[in-house]
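Beneath this line is the structure, given in structure tokens, with notes to follow.
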Amino acid sequence: MKVSLIQLDIAWGDPQENIRRAEQLMNEQVADLYVLPEMWATGYSVHPKDIAEDEETSVALRWMKWMASERLCAISGSLAVSDGAGCYFNRHYFVTPDDVKYYDKHHLFTFAHENINYQAGNDHVVVEYGGLRFLLLTCYDLRFPVWSRYGRAGEYDAIIYVANWPDTRQEVWDTLLRARAIENQCYVIGVNRVGTERKTTFTGGSAVIDPSGRILVSCESCVGSCLASVSIEEVKSVRKHFPVLNDRD
């Protein structure tokens, strides 16, 4: 399977412009799965009334569905959405030509008060696509290994982390992506944004890590995309020849 990482500089509160930017980068590569950052259509805000779209009428979600259908691919990324009843979610969507699944961010970023206005999700979500099983997670979730743990979170072959992770903690992002891959013997696909928003700078570091912890591909600290190949055979081989998951806590 070909996975494309779409590393955007997100235009604040402008879904149409971010759709244009995302589509431009997607046109650079042919992939089976395209992964966008956290809140890719608007930028990250802990005040969802400023930016959230109603899920039923969301321009960004409608575009994800249309692109998946047109390109016969899957698209992953999170949006700030409301349910029409006054509740807001940081919702990580996985859209295919035939289906839409989503995961609501469990670990809300209390340091920035994300927990005040968003509802936390309580369910793990594993999506099967193209012969692989993907665990959907979002940004701050990366810091919590138990929530990501193979066997507790369900059986999966890859984790997708979408994020707005600032450059002040870039080394943490790089380190934990590899750690989650090594400890769970799975692919880790991490997609972060770039650019500056309200005095916060983002330098990307989007990457695909293999089940042994090797970096298959990583994006530079600028707008762009990069492509990696992932396979279920590699996951099975690593787990068979070094079966550490059998001894997990």
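Things worth noting here:
- Within segment 144-166, considering residues that are aliphatic (A, V, I, L, M) and not in a loop (DSSP other than H, G, I, E, B), the one farthest from residue 189 (Cα to Cα): 146
- Residues that are free of Cβ contacts under 8 Å to residues at least 60 places away in the same chain, surrounded by 14 or more Cβ atoms within 10 Å (Cβ to Cβ) and of a type in the set (Gly, Ala, Ser) within segment 49-89 comprise 52, 58, 60, 68, 74, 80, 82, listed in sequence order.
- For segment 133-160, a residue qualifies if it is closer than 18 Å to residue 231 by Cα, in contact with a helix residue (DSSP H, G or I) (Cβ under 9 Å, 6 or more places away or on another chain) and not acidic (Asp, Glu), and the qualifying residues are 133, 135, 150, 156, 158, 159.
- Segment 106-130: number of residues that are without any contact (Cβ under 8 Å) to a residue 60 or more places away in the chain and closer than 16 Å to residue 52 by Cβ: 5
- Residue match in segment 152-170 (condition: in contact (Cβ under 8 Å) with a residue 40 or more places away in the chain, open to solvent by 10 Å² or more (accessible area, probe 1.4 Å) and on the phi > 0 side of the Ramachandran plot): no
- Yes/no for residue 46 being open to solvent by 10 Å² or more (accessible area, probe 1.4 Å) and more than 20 Å from residue 203 (Cα to Cα): yes
- Every residue from segment 171-193 that is open to solvent by 10 Å² or more (accessible area, probe 1.4 Å) and either over 16 Å from residue 136 (Cβ atoms) or hydrophobic (A, V, I, L, M, F, W, C) (or both): 171, 172, 174, 175, 176, 178, 179, 182, 183
- Listed by position, the strands (runs of 3 or more DSSP E) enclosed by segment 1-119 that each have at least 2 residues that are more than 25 Å from residue 218 (Cβ to Cβ) are 74-82, 88-95, 100-104.
- Scanning segment 103-129 for residues that are open to solvent by 60 Å² or more (accessible area, probe 1.4 Å) and out of contact with any helix residue (DSSP H, G or I) (no Cβ under 9 Å at 6 or more places or on another chain) turns up 113, 115, 119, 122, 123, 128.
- Residues located in segment 98-138, provided they are more than 19 Å from residue 177 (Cβ to Cβ) and of a type in the set (Ser, Thr, Tyr): 102, 110, 118, 129
- Residue in segment 219-237 that is open to solvent by 50 Å² or more (accessible area, probe 1.4 Å), touching a Ser or Thr at 6+ places or on another chain (Cβ under 8 Å) and under 25 Å from residue 28 (Cβ atoms) present: yes
The values are calculated or read from the model by the stated rules, or taken from the named source; none is laboratory data. What you see is a predicted model; the values in this text were computed from it and never measured. When we count neighbours, we look across all protein chains shown, and the Cβ atoms used for this are built from the backbone with ideal geometry, even at glycine. The accessibility values were calculated without ligands, DNA or RNA, using every heavy atom of the protein model including side chains. Shrake-Rupley method; radii C 1.70, N 1.55, O 1.52, S 1.80 Å.
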